Every structure is written in structure tokens, then in C-alpha cells.
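Some notes on the structure that comes next.
A short reminder: the numbers here are calculations on the coordinates, not readings from a lab. These numbers were taken from a predicted model, which means no experiment stands behind them. With ideal geometry, Cβ positions are generated from the backbone for all residues, glycine too; neighbour counts draw on all protein chains shown.
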Amino acid sequence: MTSITPLASAEVSGANRIAFIQSCWHRDIVDQCRDSFLSEIQTLCQYEVDLFEVPGAFEIPLHAKRLAQSGKYLAIVAAGLVVDGGIYRHEFVARSVIDGLMQVQLEQDTPVFSVVLTPHHFHANDEHQQFFREHFVLKGAEAAQACAATIQQFAALVG
């Protein structure tokens with residue numbers, strides 16, 4: 001008995017969609033990643049991008065899993081900024097999110113790209129916020145490049 005994975009299902013159905021999930025914490029910074037990703041992906045390929053928002057980074061992996069299970073997406077991109085200063089230590093949250101995203105891609109056979117960043121020291125001053133806004137622009141473009149290249153490589157494997 002052959003089972004069809006969500007990625008294979010998306011490829012067979014001719015899907016040309018990418019899901020982009022972002023957390024809403026530090027939205028002014030994370031939005032830079034989304035905008036940069038959308039701009040770069042449009043120059044690289046003709047895929048449609050569906051945008052999704054979740055409250056915080058901790059909610060990203062489950063949302064990614066549900067999207068992967070739908071079979072509608074060739075790839076999923078996740079963006080968020082996890083900073084120290086809340087109830088949880090940022091290392092705990094960041095590790096949980098990254099491990100969850102890896103688990104989704106391996107279990108669902110759908111590429112998942114992470115732009116969930118965890119700075120060692122983040123201060124809510126203008127200088128740090130500007131630095132991370134600019135850094136997320138770079139990371140959004142890099143995620144688009146990796147996403148487009150991976151989809152192309154997977155398509156070549158299918159034949």
C-alpha cells in the first residue's frame with residue numbers, strides 16, 4: 001500500500017502555494033521579514049503565498065503542522081522574534097519552536113523554513129529595534145531564496 005504524503009499530494013495536484021506564518025509579538029520587526037520574503041519570492045518564482053498570523057512564536061509549529069497536513073502547500077515559512085524578558089526563558093521557547101518545526105517537516109514531508117530568531121541580547125531601544133528590522137529584511141530574502149531553491153530541487157527529484 002502506497003501512502004501519499006502532503007507534499008506529494010501538493011505536487012500531484014499542481015499546487016503552487018507557499019504558506020507564510022508569522023507571530024504577532026514584535027510585529028513591527030517581524031513584518032519586515034514578511035515583506036522582504038514576499039518581494040524576493042515574486043522575483044524568483046510564480047508561487048502564491050498565503051499569509052497566516054499566530055499570537056506568538058510558540059503557536060507556530062502546530063499551525064505549520066495543520067497547514068502541511070492540508071496538502072495545499074509546497075513549503076511553509078515561519079517567522080518570529082523570541083526575546084528574553086517574559087515569563088519563559090527565551091531559550092526554552094526558541095528550542096521548542098525550532099524542534100517543533102523540524103518535527104513538522106520530517107513527519108509531514110513538507111519543507112519548513114525558519115526565520116524564528118532569538119537574539120542573545122535584545123533591548124527595546126531604538127538602536128536594537130532598527131538593527132533587527134534591517135536584519136529581518138535580509139533574513140526574509142534569504143528564506144525566499146532557500147524556499148524557491150528547495151521547491152525546485154524537490155520537483156527535480158520527482159522527475
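Side notes on the structure shown:
- Local net charge near His90, Cβ-Cβ under 15 Å (Lys/Arg +1, Asp/Glu -1): -1
- Relative contact order of the stretch 6-158: 33 percent, from C-alpha pairs under 8 Å at least 6 residues apart in sequence.
- Shape annotation for the stretch 67-159: C-alpha extents along the principal axes are 50, 26, 18 Å, from largest to smallest.
- Exposure proxy ranking, count of Cβ atoms within 10 Å, fewest first, for Thr150, Thr110, Thr43: Thr43, Thr150, Thr110
- The residues neighbouring Arg133, those whose beta-carbon lies less than 14 Å from its own, together hold a net charge of -3 under the Lys/Arg +1, Asp/Glu -1 convention.
- With q set to 0.16, 0.18, 0.21, 0.31 Å⁻¹, the log10 of I(q)/I(0) for the stretch 12-71, from the Debye formula over equal scatterers at the Cα positions, is -0.56, -0.70, -0.89, -1.25.
- Two-decimal Rg/Rh across the chain, once Rg and the Kirkwood Rh are taken from alpha-carbon atoms: 0.99
- Summing +1 for each Lys or Arg and -1 for each Asp or Glu among the other residues whose beta-carbon sits under 14 angstrom from that of Asp28 gives -2.
- 3J(HN,Hα) along the stretch 138-155, derived from phi through the Karplus expression 6.51 cos²θ - 1.76 cosθ + 1.60 where θ = phi - 60°, amounts to 4, 5, x, 5, 5, 5, 5, 5, 5, 5, 4, 5, 5, 4, 5, 5, 5, 4 Hz, with x in place of Gly and Pro.
- Additional length obtainable on full extension of the chain from Leu38 to Val158, 0.36 nm per residue less Cα span: 40.6 nm
- Helix 60-70 and the longest principal axis of the Cα set of the chain meet at an angle near 10°.
- C-alpha long axis of helix 90-108 to longest principal axis of the chain, angle in °: 0
- A simple charge model with +1 on the Cβ of Lys and Arg, -1 on the Cβ of Asp and Glu and nothing else charged puts the dipole of the chain at about 360 debye relative to its Cα centre.
- Length, then width, then depth: along the principal axes, the Cα atoms of the stretch 38-77 run 31, 22, 10 Å.
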